[in-house]
Each structure stands twice: as C-alpha cells, then as structure tokens.
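Remarks on the structure that follows.
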Amino acid sequence: MSKTKIVGQSVHRKDAARKVTGRILHVGNIEMPGLLQVAVLRSPYPHARIIGIQKSRAEAMEGVVLVLTGAEIAAMPDVDPYFGPAFKDQPILAIDRVLHVGDPVVAVVAVDRRRAEDALELIEVDYEPLPVVLDVLEAAKSGSPLVHQEFKPAGVFADLDHMEAGEKSNVCYHFKLRTGDVEAAFREADRIFEDTFTSPPAQHMPMEPHVTLVYLDEDEKVNVWTATQSPSFVRTQLSTTLGLPMNRIRVRVPYLGGGYGAKLYGKLEPLVALLALETRRPVRYALSREEEFQTITKHGAVARLKTAVKDGVITGRRCEVFFDTGAYADIGPRIVHKSGYTSAGPYRIPNVRIDSFCVYTNKPPAGAFRGFGVPQVIWAYESQMDIISRELDIDPVQFRMHHALEEGEPFATGTPVHSFGLKESLEQAAEAIEWSGPRPQNNATKVRGKGIASGVKAVLTPSISGAVVMMNSDGSVNVLSSTVEMGQGSDTVLAQIAAEELGVCFDQVHLVQPDTDVTPYDTITAGSRSTYHMGNAVRMASMKIKAQLFGVAARALEANLEDLVARDGRIFVSGSQESGMSMRDVFLAKFGSLGTTIIGEAIFEPRAIPTDPETGRSEKCTEYWFPSASAAEVEVDLETGQVKVVKFLSVGDTGTAINPRHCHQQLLGAAITQLGMTLFEEMVFEEGQLLNGSLLDYQIPSVKDLPEHFESILVEVPHETGPFGAKGVGETGTLTVSPAIANAIEDATGVRIRDLPITPEKILRGLAEKDPKPGRAEVPQ
Amino acid sequence: MKQEVLLRVNGRDEKLFLEDADTLLEALRDHLQLWSVREGCGVGACGTCTVLLDGRPVSACFILASRVKGREITTVEGLGKEGALHPVQEAFIEQRALQCGYCTPGFVLTVKALLEENPSPTRAAAAEYLEGNLCRCGCYPDILRAVEAAKEAKD
Ligand code: FES
Ligand code: FES
C-alpha cells in the first residue's frame, strides 16, 4: 500500500475550538418560540397494576398544557403504544401495569419545567402491588413471577431476525453454542474448575442526560432533534409508533455530551413526538440525572464457568451466562447473542458448550454499554484463567499464550479469525508491566501484585453504513453521514479518510451532521463499528468522485487514468505535480462553470452467516475482531482493604490507526470508566428500589482515581478490508480491565474476588477468611 | 413571584426577572442563553455547571441566582479577548483534553481558577483541585497535561 498522507496522522479534532468555547450545539441549546417542557410521573413500585389515575387537578393548573396517560395513548388510532429494538415490549407510558420503579406513568407538558414538575404533585395514581422478581437467577427459573405474559419480536434488524415470540417465561432469548463434546472432556479431565462470577448493574452516566425536542413544521412534518446514537433507527421507530411514512419524520442529531451505549434506539423520542403532535407546539424533554438512572442501565450478569483441564491444557469449557435485562429487553438479546458466542474466550478449546440467557426482571431496563456485554464475560473467563494457571502452577501469561488463537484458526463458533493481534497484545502488556521482572516490594501493611488479562470482542455483523460525499468546484468537500459525533472523534477520522482518498487537505472536508432527510441510513453509532463501516462507505463514495475527476483530467492532460494521482488539491501525472490541474480546473473542464458539485455515494454492508440456532456455529459470525490486553500493578492496604492501582497498561489491536493519538485516548478513556466499574460502581437495589440513584450517592471515577502510571499501547495488525487497514477501538479499552485488577489483587494478597465491584469490604472479608486470626476485627458482612 | 435581579455576568450588568427558586444555572441558561453552563447532575456533584464567582469555581446548579447579585460571574463565553482563545483553552486544544466536550467549559474555568490561585501546582495539587469536575469520557490524563501546558504558557 502506498504511503498515506493524512491517514495515520494525529490531526486535531475538528470540533475542538467549538468545544473549549462551549459553542458546540447540543439539543439542550436549541431555542424555539413557544417551546414547552415535560415532566413525567414515575412508578414507585417495582411491579403493580394501575387501578386508576386522577389527573384533573393537574390539568387545571395554570401553565399546564397537556396531561397524558398510557391508556390514552393506547386508545389513539394509528399509534402503536409499544416500542423496542428487539421486542415490542415497552409502552410509551405504562398502560395497565408498571414493571419497575421509575417506569413512566403520566406525562405533563407545561410552559416551563418547574410548572410541569409542580403539576406532578397533583396527580393521583392508585396501584395494586403485584409479585416481584428481582434476582436474575430466580427470574430465569420456571414458575417465577412473570414480568411479561408474552413477547413479540420487533422485526427491525437483520441480525435479530431469529428472535422468536414467546410466553410464560422471563427468558426472552437463549443463545446456544455447541462445539465438540464437552461432557466427554469433563469425563476425561484430570482437573475440573467451577466458578461463578458476577457483575452488578451500573450506569453509563453520559454527562449530558437524554434530551429530545420535537416540533411540527409548517408542512406538519415531525421534526425531531434528539441526543441519540441511532438517528436512522429512531426514524424507523417513530414511523411505526406514529403510523407515518418515513419521509414525514426528520431526525437530526447535533453533538452528544457522551453516549457510551445509553443513547441507542428509541428512548424519549416516541413520547415527545406524541406530546408535540397532541399539543401542536414544540416540546422538549430533558431527563434529570435521577431519571437517567431509571431509564437505561448496564446489564448485571452472572456467569458460571466449568472448565476441564488435561495435562495442563484446557480441553473443554461450559459457560452459563445470565444477563439481567430489567423490565424491558431493549437491545439485551443482541448483547446476549454477540457476547454469548465469545464467552469461552479467544482460546483454542476443542469442546465448548455455551448457554447465554436474556432475562426479564423488575428492574430498570438494561441496554448497550461500551463493550456490549463482553466485559461481563471476560471478567469471568479471564479471572478463571488465572485461577487455573495458579492452581496448576503455570505462568498465567504463558498459559494464555499457549491457548491463544492464531491467524486463521477457528473461533468457538467455527469462524476462522483474521487480523487477530491477541498474542501481540498480551506480549506487549506483559513487557510493559515487566512481567518477568522482580516482584514489587511490599511493606508491613501494604502489599503489591501484578495482573494481566486478555480478551476479544467481535464487531456487530451484519450492519449497514451509507455515505454521500459531495465535492464542490473549489475542492472543498461535504461528507453526509449518519454517524453521530459523541466525543469519539468520528468527524475527524471520517474527514481524514475522505481527504486521503480525494487528495484534498483535511481542513477542506466538512462533516454534515446526522439528518435523516439528508444523510443516508446507518445502523448505529456504537460497537466500535464506525471507523470501519462508515469509514469504508466514505472511502468508497470518495473513490467514485475521484473516478469522475480522473476521467476529466485524463482527457485534459492527455494522460492515462492509471498514471494519475490526487494530492494537495491537485490532480497530476505521477511524478509531475506542477503540470497537473487544480480541482477548480477539473470542474471548469467538466462543467464550464463554478459552484458545481460532483457526488459519490456508497453503501457498505458486510454480511455474516447467521449462527445456527442449535449449535451457534457460523463460518462467518463477524466482520472483524478486536483483541485487548490489560496489565496492572496494584497496592492493597491490608488494614483498610483499599486498592490503589499503581500502574495500568491498556493494549488494543486497532488495525491501522487512522489517528493514533485519538486511538490512545479511546483506550485510556474506556479503561478509566471500567476502573470505576471494577472498584466501586454499582447500582444498589433493595426490594426493587434503587438506593444510590443520584450522583451524590453513585460515584464515578474522578481525576484522583487515575493510576500513577497509566499508558496505552496500540498493536496495529492491519485488517485487509478495513479502510486503510483500520478496525474499531471505542470499546477495546473496557474489555480486560476488571480481571487484570482482580488478578493483580490475588497476586498481592492471595484473595480471589469473584463479584464486582472489588470493594475494600470484600477484600477484608477475603483476608479474614484466608487467614482467620484471633482478635482480628469483625468484618461486616 | 418574579423579581428583578441584577447580575454581573462576563463583565456586563444584566437585569433579569427571576423567581425566588431560580438557580444561577437557570438564570444563565434560560435567561442569558449562556449554553456553556450545563446541567449534569443538578446536585452540585459533577461540575459541568461550573462558573467562576469572583474568580472561584462554584456549581451554578446549587446556588440561587438572587444570592449572587452584584458579584462577578464568569462563564467561558467571557474568556479570551477579542475573539482569541484564553491560554487555558489553547492548552485544552493542544493537549486534546476533551472528547464529547460536555464537561470542558467547567474544566477550563476550574483550571483557570487553579492557576490563578497557584501558578505552578504539582500534579497532586491539580488533581485535588479538579476532583469535583467529572469527565465520563475519561480525558483526565489529557486534562492534567493541559494544566501543565497552561502553566508553562503562563511562566
Ligand atoms: S450540574 Fe451542577 S454540579 Fe452537576
Ligand atoms: S469530554 Fe466527555 S465528559 Fe468530558
């Protein structure tokens, strides 16, 4: 491949100046005459029947424009009162039952937020409490109280077309994988290891909570401004919800104040669209932080692993993973499927049996979170890899290296792996933490240890990205893409790709922000897919423009097409840049006038072969893999149980890095979040009530939680069909953090923690159990 | 009940009609359209609504507007002279100390105040000062580098 000029450079973000000055557009800044605000009355019960709602006092309050209930929505002709990306199970407002604390029940629209909130106090709802199921394992058992009586597939996404309608169970999706004969492996094993690992529900916590604004324009078209990661999906959802053609709905997305998976699929949009249609006024609903906790969460999970070992080698593994998807499935089934098939790890294991379950409970709904369920399964298999290697007295890094899949070998699904820098990532992590160096020093009360972990995630496949690239006669370029800039730097990376392909400078490329009237379909901005998928679409569209430019230039310059080069805004015969043509000249030669445009469009839609419903096998379950490794050195205070992460290395196989500096930033940013999830983040429930549902009570990492040494390493194994060899990187940094820390803690203390988060109390309890000393202070349970 | 409140914001006197319960955040956003001041938690725990009050960082969501009459309030809209960026803003760009940028105005103002109080803070002192500002994108390493860069720019 010839040397690239802009791809591979750490150019600055396109939006940096607008962000340091606070001028960047968010949905919260959009002003509109007569804009109304929303407040929502939510359920105080985890499960209850709605007996009656009295709302007339609220309706009579000055400044209140509309008070709407779910029963009223259900009675609207043409409106579909239920929505959801996998199953249509979520009512816009509760109709006859509430299924979790915080379930929306009544919406008030008023002239301002305070008025709307005050009106909520005047609404009375009578409930009859119903049996509740909160524990994911209980919920999965037959005979437990049912959250939904039946469930209906949404039928929107190709990769979810195997969802089946069901009833009389809380398990809404069950993924199975069967490779080899796992029972035979257990019979013939010399050692069998059985462990259970848990991850709690947690919060995404984008600093900008969800916010949606809807108005009708003079043509009665439904205009939506919303903080979403999936504008194309939102349009499809609203079309179904409202019974309107897709071209009567326009979804626009400005910049997001973070997403991390929280802002995917339909969230506030169906409700706000209805409120705007009912009031015929512009309406905005901005969630409070407390409501954010009740709207979407990261899946809590229980993973049971049983692993057979013979002669120091893993011969079989059985995984049972239960994902708590809360009261509504949201995208839970896709998470269970995609993380499910990776839950035995990126290792050579001949006999594998996986059962991964998506389970309803009476908790707030769980959806996509940076890593898409994979951190929960890596937490399990990488913790167990260390348990086994310690027990067998084999070096944990060597143990992993011995089992790690190599280029072309089949994954547990049967799919051969390509561009798979797993071993390289492990090696780099081990070297950076000085794995074979001397043991860190201890003192009387503080002990140190090192830990390492590796893992892999597969990109969502199939999925689709469309792009339109438009070049103007002055050589400037507009890229029309529905990829949402939520901080990950997609505007910058896509501009680098277009500039590279078209031979113009980076500053000449402008990204048109998502607008379903203008920018083509894109599945979602998530899952580390945009650089690869949208990057390919933008590159292909740019190539089509280039072909046209070259056609004109070849005639004008009397040159062969193959000899032409586009660079620095000029087209010339290779080796003679001076004698070429500027873009302006090419446009003049083609059109005879300025102000003209050339358009290229492309749709990139890599296919997958669906996994077999009984065996989970597929010759191609994914388009690419992104391996990760983490290495940690920790210091544990034996008296307080406090863990200090002294050193942390995040290693990721990004493919060719389009913007290396930003890849590092993705790895480290993701790792910081996951450090929080490892050491303290947890939504704590008691009888279905969330006990820490505000930022006063739920802690996320601050600058003080940074490890002293904190670095990232890029392993660039080019992908043959990636744009310039690139893959994705948004989630890589989250994948292997938790087990690396737990493994380091065991190395330091001998205590093995199996339940996240790793709190000081759990460590003290572990120390006390390991070494019960008379007189040691009682540790609270 | 609305009352007239005189606020001094970014060097200008602003006459607003506010309710007693209106926070400084509401006054700045809803009445003066200063969109850099953002609500992340509403309970004084995240720092996205940070403004400078007589040069010191405070959470605008947690202060009643009527309590800060006549005091000097600064938002990032008031930084930088004649369209040029403030050195702290330059440092944030240079060190790439932002991703989504939602937390950035709050951080920029807090760093400005930090360097005015302590022109050459250690890494630990900077971390201590910035603890109340949260960044879920996890730009902390870059933000600490921006503090270093801004500190050198001042030297
Ligand atoms: S919004 Fe004011 S501190 Fe969070
Ligand atoms: S840059 Fe996104 S929260 Fe700080």
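Backbone phi angles across the range A:405-417, fed through the Karplus curve with coefficients 6.51, -1.76 and 1.60 (θ = phi - 60°), yield HN-Hα couplings of 5, 10, 2, x, 6, x, 6, 4, 7, x, 6, x, 8 Hz in residue order; Gly and Pro are listed as x.
P(r) tail for the range A:227-365: Cα pairs beyond 28 Å make up 38% of the total. Spacing of the modelled spin labels on A:GLN577 and B:ALA84, each 7 Å from Cα toward Cβ, amounts to 3.3 nm. Using the Karplus relation 6.51 cos²θ - 1.76 cosθ + 1.60 with θ = phi - 60°, the per-residue 3J(HN,Hα) values for the range A:380-389 come to 6, 6, 7, 5, 5, 4, 6, 4, 5, 5 Hz, with x marking Gly and Pro.
Rounded, prolate or oblate: pick one for chain A, where a ≥ b ≥ c are the square roots of the eigenvalues of its C-alpha gyration tensor, a/c under 1.5 means rounded, and failing that, prolate if a/b is larger than b/c, else oblate. Here chain A falls in the oblate category. Take each residue of peptide B:92-99, count the partner chain Cβ atoms within 10 Å of its Cβ, and average: the result is 6.
Pairs of alpha-carbon atoms within less than 8 angstrom and 6+ residues apart define the contacts here; what relative contact order does chain A have, in percent? Answer for chain A is 15 percent.
Each Lys or Arg adds one and each Asp or Glu subtracts one; over the other residues with Cβ under 13 Å from the Cβ of A:VAL283, this totals +1. Label point of A:GLU150 set 7 angstrom out along Cα-Cβ; within the range A:165-185, amide nitrogens under 15 Å from it belong to A:165-169.
Pairs spanning more than 19 Å between alpha-carbon atoms, out of A:LYS152/A:LYS263; A:LYS19/B:LYS69; A:LYS544/A:LYS590; A:LYS176/A:LYS306: A:LYS152/A:LYS263; A:LYS19/B:LYS69. Each peptide in A:644-652, A:374-382, A:193-201 receives the mean, over its residues, of other Cβ atoms within 10 Å, and ordering these scores from highest gives A:374-382, A:644-652, A:193-201. Per-residue shielding of A:657-666, expressed as the average number of other chain Cβ atoms within 10 Å of the residue Cβ, stands at 2. Computed on the range A:76-159, with alpha-carbon pairs under 8 angstrom and 6+ residues apart, the relative contact order is 35 percent.
Each of A:SER482, A:SER436 has some number of other Cβ atoms within 10 Å of its Cβ, and from fewest to most they run A:SER436, A:SER482. The charge dipole of chain A, taken about the Cα centre with unit charges on the Cβ atoms of Lys, Arg (+1) and Asp, Glu (-1), comes to about 780 debye, rounded to the nearest 20.
For the range A:1-157, what class follows from the C-alpha gyration tensor (a ≥ b ≥ c being the square roots of its eigenvalues): rounded when a/c is under 1.5, otherwise prolate if a/b is larger than b/c, else oblate?
Taking the square roots of the gyration eigenvalues as a ≥ b ≥ c, the range A:1-157 is oblate.
Annotation for B:ASP54 and A:PHE591: the two label points, set 7 Å from Cα along the Cα-Cβ direction, are 6.1 nm apart. Using R0 = 56 Å, the C-beta based FRET efficiency linking A:GLU124 and A:ASN443 works out to 0.35. Taking amide hydrogens as placed 1.01 Å from N in the peptide plane, the amide H of A:GLY750 sits under 5 Å from that of no residue at least 5 positions away in sequence or on another chain. Computed about the Cα centre, the dipole magnitude for the range B:2-77 is approximately 180 debye when only Lys and Arg (+1) and Asp and Glu (-1) carry charge, each at its Cβ. In order along the range A:194-203, phi translates into HN-Hα couplings of 10, 9, 10, 10, 10, 10, x, x, 8, 10 Hz, rounded to whole numbers, per the Karplus curve 6.51 cos²θ - 1.76 cosθ + 1.60 with θ = phi - 60° and x for Gly and Pro. The residues A:GLU619, A:GLU124, when put in order of fewest to most other Cβ atoms within 10 Å, stand as A:GLU619, A:GLU124. If the segment from A:LYS5 to A:MET61 were pulled out straight at 0.36 nm per residue, it would be longer than the present Cα-Cα gap by 13.8 nm.
Entry note, chain A: the mean residue ellipticity at 222 nm calculated from DSSP H runs of n ≥ 4, each adding -39500 (n - 2.57), is -8000 deg cm²/dmol after division by the residues and rounding to the nearest 500.
For the range A:48-121, GluC sites (Glu not before Pro) are listed when DSSP marks them as loop and at most 14 other Cβ atoms sit within 10 Å of their Cβ; the list is A:GLU62, A:GLU121.
Full extension of the chain between A:ASP219 and A:ASP112 gives 35.9 nm of extra length, using 0.36 nm per residue less the Cα-Cα distance.
For A:PHE685, the residues whose modelled amide H falls within less than 5 Å of its own, excluding neighbours fewer than 5 places apart on the same chain, are A:LEU691.
Other chains' Cβ within 10 Å of B:31-43 residues: what's the mean?
The shielding value for this peptide is 5.
With neighbours defined as other Cβ atoms within 10 Å of a residue's Cβ, the residues B:HIS86, A:HIS533 order from fewest to most as B:HIS86, A:HIS533.
The numbers here are math on the coordinates, done by the rules we state, and not lab data. Just so it is clear, the structure is predicted and the values come from calculations on it, not from any experiment. No Cβ is skipped: glycine too gets one built from the backbone with ideal geometry, and neighbour counts run over all protein chains shown.
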